[in-house]
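The values are calculated or read from the model by the stated rules, or taken from the named source; none is laboratory data. Because the structure is predicted, anything quoted here is derived from the model rather than measured. Here Cβ is always computed from backbone atoms with ideal geometry, including for glycine, and neighbour counts include all displayed protein chains. Protein only, heavy atoms only, side chains kept; ligands, DNA and RNA dropped before computing areas. Shrake-Rupley method; radii C 1.70, N 1.55, O 1.52, S 1.80 Å.
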Amino acid sequence: AARAGTATDVIEIAEQQIGIEEGDGGQTKFHDWYVNSPAAKLTADRDGGNIDDYNGASWCNMFVSWVGEKANAKGIGADAWTVAHAKWFKDNDRLGQEAKPGSVVFFSWDGGGISSNEHVGFVVKDNGDGTITTIEGNTENAVKKKIRDKSDVTGYGYPDYVK
């Protein structure tokens, strides 16, 4: 069996994806993986949708789920919807307010709580000046490294990384 992933593994795998852009119909390798993953059936059943609806859909959370799977990160969850993913972390007592490297960061641009999450990525580091450095999928239709204001963060999900 593969060893369980670390925060460093997740950041390294996410960094390797920087520059990947959407193809035809907004499709990415993250969509291709997600629609064929066990999570897709579970989330489609939960949300009353169809697995094919994930093709070409917003993919920031599919990116996070893909990276978690590739890094063999435990307790990272797999979802296509940021609100449900943040609630999953909360329900498992793994959602907090401290930016830690490798944590899953949830954003709301309108200042709402986790029920208004619109975007997700990974924390690379807390810059100590009210901003964080992140790696995110579906940012301007690509995987990008960004500097984000912590004021836009609704919470941080903490996977069960090996130390």
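Listed values, structure above:
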item	result
Å² of accessible area per residue within the stretch 20-163, as computed with a 1.4 Å probe and no ligands counted	47 Å²
Distance violations [Cα-Cα > 22 Å] among K100/K163; K29/K125; K90/K150	K29/K125
Rounded percent of accessible protein surface that carbon and sulfur make up, the chain, 1.4 Å probe	46 percent
The chain, relative contact order [Cα under 8 Å, separation at least 6], %	28 percent
Solvent exposure ordering (accessible area, 1.4 Å, most first) of E21, E12	E21, E12
Rg/Rg_ref, the stretch 78-129, where Rg_ref = 2.2 N^0.38 Å and atoms are Cα	1.11
Volume in Å³ per residue [convex hull over Cα atoms, computed for the chain]	112 Å³
Segments 94-103, 60-69 sorted - mean Cβ within 10 Å per residue, highest first	60-69, 94-103
Distance (nanometres) between label positions extended 7 Å along Cα→Cβ at N36 and A142	2.6 nm
Dipole magnitude of the stretch 1-95 about its Cα centre (Cβ charges: Lys, Arg +1; Asp, Glu -1), debye to nearest 20	440 debye
Set of aspartates and glutamates with alpha-carbon distance to K87 below 12 Å, sequence-local pairs under 8 removed	D79
Positive dipole terminus of the chain, leading residue within T154, S116, V143 (C-beta point charges)	T154
